[in-house]
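K.L.:
Handing you this structure, nothing more for now.
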Amino acid sequence: MGFPSGEVAIVGVYTTEQAQNHTRGGFDLEREALTGALADAGLTLADVDGIATTRPVSEVPGSYDPLYFWAEQLGRRPLRYLGSGLPAAALGKAATAVAAGLCDTFVLVHGKSGTKINPAKAGLPTSAPRVGAWSETIHGASRASWYAAWARRYMHEFGVTSEGLAQVAVDARHHATLNPASIMGRKGEITIDDVVNSRMIASPLHLLDCALDSDGGYAIVLTTTVRARDLRARPVQILGAGEGVYIDYYLNLPCPLFPPEGGAVRAAANTAFGLAGIGRHEIDVAGLYDCFTITLLRDLEEMGFCELGEAAAFVKDGNTRLGGAMPTNTDGGCLSNSHNGHPGGMHVIEVVRQLRGEVTPRRQVPNARLGVALSQGMSVMGGAGVLVMGVE
């Protein structure tokens, strides 16, 4: 059996309120998201027989594992678990499972509240061992310092300036101002000067080069395309999917740092586009992981939308902005909408809403029919999932 291109569709999506300090717990956010996405599809809890969560264990030590929690909440029925920490990858696997008849209705659910990504806010254990055996913090590193080193080398090799990075943040904020649900949109537009004059976090990355550390939940529902045609929402078909892994786990780096053959994102993208049978130039709207401004530039290159070293010019020319050739992160992305721990599902949901024609008019990409979403971890080298979607 090959990949079931077009045989499975996303039929329900939902996002909770995104906030920088939620007063509600992760399970509560998951419950709202799950029931909301099912209502969007016109389905009920009784229809669900496949599930994945992005939290392998609860953020509260000693409390219920989320999978057992949801098995109980869904009527103590055995559920088929189709997990992956990368939402786009999980959805690709789930599409194969649904098409094969392993489950009929699959839900990916995520909720994050209280846990902090920022090491300055997360706190440290009071006794040894303070970090795990595979933790970059053991030698004083953090996500920001790793991406900063990556950005500095990229700038050196390809002549990209801080202003070139900043354009990514400026575009993200512009899109967020058109998204009433975004965290940062209400704060208004920013300029390149605002970005490069914001507080330095890890040179060359400034505060506004960095994603939010926020809370929130979401859920996504899949079923067969045949069944989807009788449901409430316009089905968004899964045309192709890919997953890739490589060496970089914030503990080692390839040499050269930007290998021409690429890393995990390149592998996942090549697989997804190959299975979908469409070209990069056909994509109308994209949702690409953007934990830092440098990340989006490298994503564009690794995904094959431009050549190595050309992404800053690609962005400067307006290609990723609304009205451009391929509007990207039209909800504001991780930089200005929300980074709720595992935000890859948010990128999928925004693309789904664009393909359905459901977003606010000023944010809508006209006649959008094909979209792509990227979930990522451990930089573009380490782990990636790519999902190509379309509407009839």
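K.L.:
All but one of (1) buried (at least 20 other Cβ atoms within 10 Å of the Cβ); (2) part of a loop (DSSP other than H, G, I, E, B) hold for residue 286; state the number of the condition that does not hold.
P.N.:
Among (1) buried (at least 20 other Cβ atoms within 10 Å of the Cβ); (2) part of a loop (DSSP other than H, G, I, E, B), residue 286 violates only (2).
K.L.:
Still on this structure, I have one more. Would you mind listing the strands (runs of 3 or more DSSP E) fully within region 198-246 where at least 3 residues are buried (at least 24 other Cβ atoms within 10 Å of the Cβ), under 22 Å from the mean Cα position of the chain (by Cα) and at pLDDT 95 or above?
P.N.:
Qualifying strands (runs of 3 or more DSSP E): 216-224, 236-245.
K.L.:
Go through region 261-283 and report how many residues are surrounded by fewer than 19 Cβ atoms within 10 Å (Cβ to Cβ), closer than 17 Å to residue 308 by Cα and of a type in the set (Val, Ile, Thr).
P.N.:
0
K.L.:
Does any residue in region 95-116 that is in contact (Cβ under 8 Å) with a residue 40 or more places away in the chain and among the hydroxyl-bearing types (Ser, Thr, Tyr) come within less than 6 Å, Cβ to Cβ, of a residue that is in a strand (DSSP E or B) and crowded, with 20+ Cβ neighbours inside 10 Å six or more places away or on a different chain, and which pairs are these?
P.N.:
Close Cβ pairs (under 6 Å, with a partner that is in a strand (DSSP E or B) and crowded, with 20+ Cβ neighbours inside 10 Å) amount to 105/223; 113/215.
K.L.:
All but one of (1) in contact with a helix residue (DSSP H, G or I) (Cβ under 6 Å, 6 or more places away or on another chain); (2) over 18 Å from residue 269 (Cα atoms); (3) at pLDDT 95 or above hold for residue 324, so report the exception by its number.
P.N.:
(1)
K.L.:
Would you mind finding the one in 272, 312 that is under 19 Å from residue 351 (Cβ atoms) and assigned to a helix (DSSP H, G or I)? Outline the logic, then answer.
P.N.:
On the way: 312 fails: under 19 Å from residue 351 (Cβ atoms).
Unique residue meeting the criteria: 272.
K.L.:
Do you know which residues across region 178-194 are free of Cβ contacts under 8 Å to residues at least 60 places away in the same chain and either among the acidic types (Asp, Glu) or outside any loop (DSSP other than H, G, I, E, B) (or both)? Steps first, please.
P.N.:
First, pick out the residues of region 178-194 that are free of Cβ contacts under 8 Å to residues at least 60 places away in the same chain: 186-194.
Across region 178-194, the qualifying residues are 186, 187, 189, 192, 193, 194.
K.L.:
Continuing with this model, one more query. Can we say residue 373 is surrounded by fewer than 24 Cβ atoms within 10 Å (Cβ to Cβ), modelled with pLDDT of 95 or more and small (Gly, Ala, Ser)? Break it down stepwise before answering.
P.N.:
Details: surrounded by fewer than 24 Cβ atoms within 10 Å (Cβ to Cβ): no; modelled with pLDDT of 95 or more: yes; small (Gly, Ala, Ser): yes.
In short, no.
K.L.:
Of the residues 387, 355, only one is out of contact with any helix residue (DSSP H, G or I) (no Cβ under 6 Å at 6 or more places or on another chain) and either within 17 Å of residue 183 (Cβ to Cβ) or in contact (Cβ under 8 Å) with a residue 24 or more places away in the chain (or both); which? Step through it out loud before you land on a result.
P.N.:
Details: 387 fails: out of contact with any helix residue (DSSP H, G or I) (no Cβ under 6 Å at 6 or more places or on another chain).
From the options 387, 355, the qualifying one is 355.
The values are calculated or read from the model by the stated rules, or taken from the named source; none is laboratory data. On a predicted model such as this, the values are computed, not experimentally measured, just so you know. Don't worry about glycine lacking a Cβ; one is built from the backbone with ideal geometry, like all the others, and counts go over all protein chains shown.
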